[in-house]
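Engineer: Sharing a structure below in structure tokens format, with a few things to ask.
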């Protein structure tokens, strides 16, 4: 038996119907300031039964962003900080940068600039070992990425910067993201290989499970019936709340594809699992150490 190869061509229906469906992928959906950009692509996750029987007056979607853009978000900070702290531990140079207990807060710009200045001065003072130079390069690359995160603008971090920070681990990180084992809050979608004007997923991308957005269903219904030239007039006819009117005013949303059922089921299962966890407080490090010692007691 020959297994069918799974790639981008098996992921998407590139000719979706007019009716609203769970799994529809739209372009020009508003991000409402959550992603550092005005609009995004998004995948509809409102239950299929609610849509088919018109029982919902709203649609909920999850933003889709290019894979490397994830590393310009606050969500990437904990991993970045971990690599920076480890690299700084290799460099025998006092630095003034301080990491707060909240790993989602970026250090001030003056601290980042001072860190770069201190490390460059330390390296130029005398010849350093390859290990120390490598650690310095890692921290400097991390400082550049920190600035991108501080700017709160969603951008694709250059691959060379990510490789400089993560080293050989970068290959493993990409592999884990593609296999959906990197984070329970991300879901990988491959490039759909369509021409850019028709593309719903123009880059290898990730779905952001922690950023669900809900909008009135009538807005996308009207978008299906409107042309780009008449979109402003269509918005006026709907008498939307001012914030919604502004959010949709930049461009008419367009449905370009739908995720096929087999792959949609996996996405929805992982999304539901993230929010259905009951969870419990973690043991403290001291308690863990005590229990580990008691196992052999």
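Values in this text are rule-based calculations from the coordinates and carry no lab data. These numbers were taken from a predicted model, which means no experiment stands behind them. Because the Cβ atoms are built from the backbone with ideal geometry, glycine has one as well, and the counts that use them run over all protein chains shown.
Engineer: Would you mind calculating the gained length between residue 239 and residue 8 on full extension (0.36 nm times residue separation, minus the Cα-Cα distance), in nm to one decimal?
Structural biologist: Answer, rounded to one decimal: 79.2 nm.
Engineer: Taking the Cβ-Cβ separation of residue 104 and residue 266 as r and a Förster radius of 35 Å, what is the calculated FRET efficiency to the nearest 0.05?
Structural biologist: Details: r = 28 Å, r/R0 = 0.81.
My answer for the efficiency is 0.80.
Engineer: By how many degrees, 0 to 90 and rounded to 10, does the Cα axis of helix 130-150 deviate from the longest principal axis of the chain?
Structural biologist: So the inclination is approximately 40 degrees.
Engineer: At a Förster radius of 41 Å, what calculated FRET efficiency corresponds to the Cβ-Cβ distance of residue 137 and residue 48, to the nearest 0.05? Can you show the working numbers first?
Structural biologist: Working: r = 50 Å, r/R0 = 1.22.
For R0 = 41 Å, the calculated efficiency reads 0.25.
Engineer: If you don't mind, another one. So for 170, 231, 53, 26, fewest C-beta neighbours within 10 Å to most, what's the order? Walk me through the numbers on the way to the answer.
Structural biologist: Numbers: 170 16, 231 19, 53 9, 26 24.
By the 10 Å Cβ count, ascending, the order reads 53, 170, 231, 26.
Engineer: Average the reciprocal distances over every distinct pair of alpha-carbons in the stretch 1-55, invert the result, and give the Kirkwood radius in Å.
Structural biologist: On the way: mean 1/r = 0.0728 Å⁻¹.
In the stretch 1-55 this quantity evaluates to 13.7 Å.
Engineer: I would also like to ask the following. Pulled fully out, how much extra length does the chain show between residue 225 and residue 210, if you take 0.36 nm times their separation in residues and subtract their Cα-Cα distance?
Structural biologist: Values: separation 15, 0.36 × 15 = 5.40 nm, distance 3.06 nm.
That pair, residue 225 and residue 210, stretches by 2.3 nm at full extension.
Engineer: Now a separate question. Which label belongs to the value computed from this structure, given these candidates for P(r) over Cα pairs in 10 Å bins from 0, in percent: [x] 5, 19, 23, 19, 17, 12, 5, 1, 0, 0; [y] 6, 22, 21, 19, 14, 8, 6, 3, 1, 0; [z] 5, 22, 27, 22, 15, 7, 2, 0?
Structural biologist: Evaluating P(r) over Cα pairs in 10 Å bins from 0, in percent on these atoms matches [z].
Engineer: Next question. Convert 4 °C to kelvin, take the viscosity as 1.567 mPa s, use the Kirkwood radius over C-alpha pairs of the stretch 136-205 as Rh, and evaluate the Stokes-Einstein diffusion coefficient in µm²/s, rounded to a whole number.
Structural biologist: On the way: Rh = 13.8 Å.
Translational diffusion coefficient: 94 µm²/s.
Engineer: How high is the relative contact order of the stretch 157-240, given as a whole-number percent (alpha carbon pairs under 8 Å, six or more residues apart)? Walk me through the numbers on the way to the answer.
Structural biologist: Working: 59 pairs, mean separation 13.0, N = 84.
Worked out over the stretch 157-240, it gives 15 percent.
Engineer: Could you calculate the contour length gain from residue 74 to residue 156, that is, 0.36 nm times the residue separation minus the distance between their Cα atoms, to one decimal place in nm? List each step's numbers first, then the result.
Structural biologist: On the way: separation 82, 0.36 × 82 = 29.52 nm, distance 1.38 nm.
Gain on stretching residue 74 to residue 156: 28.1 nm.
Engineer: Let me ask you something else. Projected area of the stretch 74-153, taken from the Cα convex hull and averaged over every viewing direction, in nm²? Provide the component values of the computation, followed by the final result.
Structural biologist: Numbers: hull surface 19.8 nm².
The Cα convex hull of the stretch 74-153, projected and averaged over all directions, gives 5.0 nm².
Engineer: What percent do you get for the relative contact order of the stretch 74-153 when only Cα pairs under 8 Å and 6+ apart count? Don't skip to the end; give the middle numbers.
Structural biologist: On the way: 52 pairs, mean separation 32.8, N = 80.
Relative contact order here is 41 percent.
Engineer: With angles folded into 0 to 90 degrees, how steeply does helix 169-178 sit against the dominant principal axis of the chain? Use alpha carbons for both and round to 10.
Structural biologist: 20
Engineer: Let me ask something additional. When the helices in the chain are scored as -39500 (n - 2.57) per DSSP H run of 4 or longer and the sum is shared across all residues, what 222 nm value do you end up with, to the nearest 500 deg cm²/dmol?
Structural biologist: On the way: 11 runs with 123 residues, N = 297.
It comes out at -12500 deg cm²/dmol, rounded to the nearest 500.
Engineer: Further, regarding this structure: At a Förster radius of 22 Å, what calculated FRET efficiency corresponds to the Cβ-Cβ distance of residue 18 and residue 57, to the nearest 0.05?
Structural biologist: Here the calculated transfer efficiency is 0.75.
Engineer: Another question, if that's okay. For the chain, take the longest principal axis of its alpha carbons; what is the angle in degrees between that and the long axis of helix 285-295, to the nearest 10 within 0 to 90?
Structural biologist: Approximately 80 degrees, to the nearest 10.
Engineer: What percent does the relative contact order of the chain come to when contacts are Cα pairs within less than 8 Å and at least six residues apart? Intermediate values should be presented prior to the final figure.
Structural biologist: Values: 397 pairs, mean separation 84.5, N = 297.
So the answer I get is 28 percent.
Engineer: If you don't mind, there's one more thing I want to ask. Given points 7 Å out from each Cα along the Cα-Cβ axis, report the residue 294 to residue 172 separation in nanometres with one decimal.
Structural biologist: 3.2
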